[in-house]
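See structure below.
Please treat every number below as a calculation from the coordinates, not as lab data. Quick caveat, the model's predicted, so the values are computed rather than measured. FYI the Cβ positions are ideal-geometry reconstructions off the backbone, even for glycines, and counts take in every protein chain you see.
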Amino acid sequence: MKNANPVSREFSVILFSLVMLLSGGCGKSEPAVAAEPKTVKDWFEVSVGNQTVSMQLALSDSEMQQGLMGRRDLETGQGMMFIYPYPTVMSFWMRNTPTALVIGYFSADGVLREIYPLHPFDERPVRSKRGDLLFALELLQGGYAELGIKPGAQLDLDALRAAVLARGYEPSSYRGFAERE
């Protein structure tokens, strides 16, 4: 004895498939695919004072150690931002760095506090005077002066926070951002 007549079974399968196909398109959308995190090679637009600087972010220990070593491709208004997890005294040198740079040290509130020239291949440390610094931005030498950025200029911490998120890092793990939340 057979369970069902083949025509009824085929009709049921077709009808079920048609209902599933039609109901699948009603109000349902594909799940959102998370964007891949940006890398240290990606550029972010962040204002410093009344100027916009295109910057790459060095966040991991290895990115910070590499910094701008070997780089000769920076243009005016481009640089690298180093973000530390807690306020500290900063010290930078120019090991294996052929490009003359200038570094600005920012406190946790995003205020530019100190600016120093950095000379190609100079391995003498350029140490900050303050111990409450969280951010360091390297630009081409003369970059701060060319852009008219002086101590007291405010870093756009909201844009920087968004860039940190885009890199796939949690801003709250950096004291300056955690205090703003």
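A few points about this structure:
- Simple label model, 7 Å out from Cα along Cβ direction - GLN66 to ALA166, nm: 1.9
- In this structure, the amide hydrogen of LEU155, modeled 1.01 Å from its nitrogen in the peptide plane, lies closer than 5 angstrom to those of GLY49, VAL111, LEU112, counting only residues at least 5 positions away or on a different chain.
- Protection proxy ranking of 67-73, 36-42, by the mean of other Cβ atoms within 10 Å over each peptide's residues and highest first, is 67-73, 36-42.
- Efficiency of FRET from Cβ geometry, ALA35 and ARG130, R₀ 30 Å, rounded to 0.05: 0.25
- Alpha carbon centroid spacing (whole Å) that separates the range 135-173 from the range 52-103: 11
- Calculated from backbone phi, Karplus (6.51, -1.76, 1.60) coupling profile of the range 36-52 in Hz, x at Gly/Pro: 5, x, 5, 10, 5, 7, 7, 9, 10, 8, 9, 7, 10, x, 9, 10, 9
- For the range 55-159, the calculated P(r) over all alpha carbon pairs, in 10 Å bins from 0 to the bin holding the longest distance, is 16, 53, 30, 1 percent.
- For LEU118, distant residues with modelled amide H under 5 Å away: LEU101, VAL102, ILE103
- Extension gain, ASP73 back to ASN50 (0.36 nm per residue minus Cα-Cα distance, nm): 5.8 nm
- Long-range amide H partners of VAL126 with built H, under 5 Å: PHE92, TRP93
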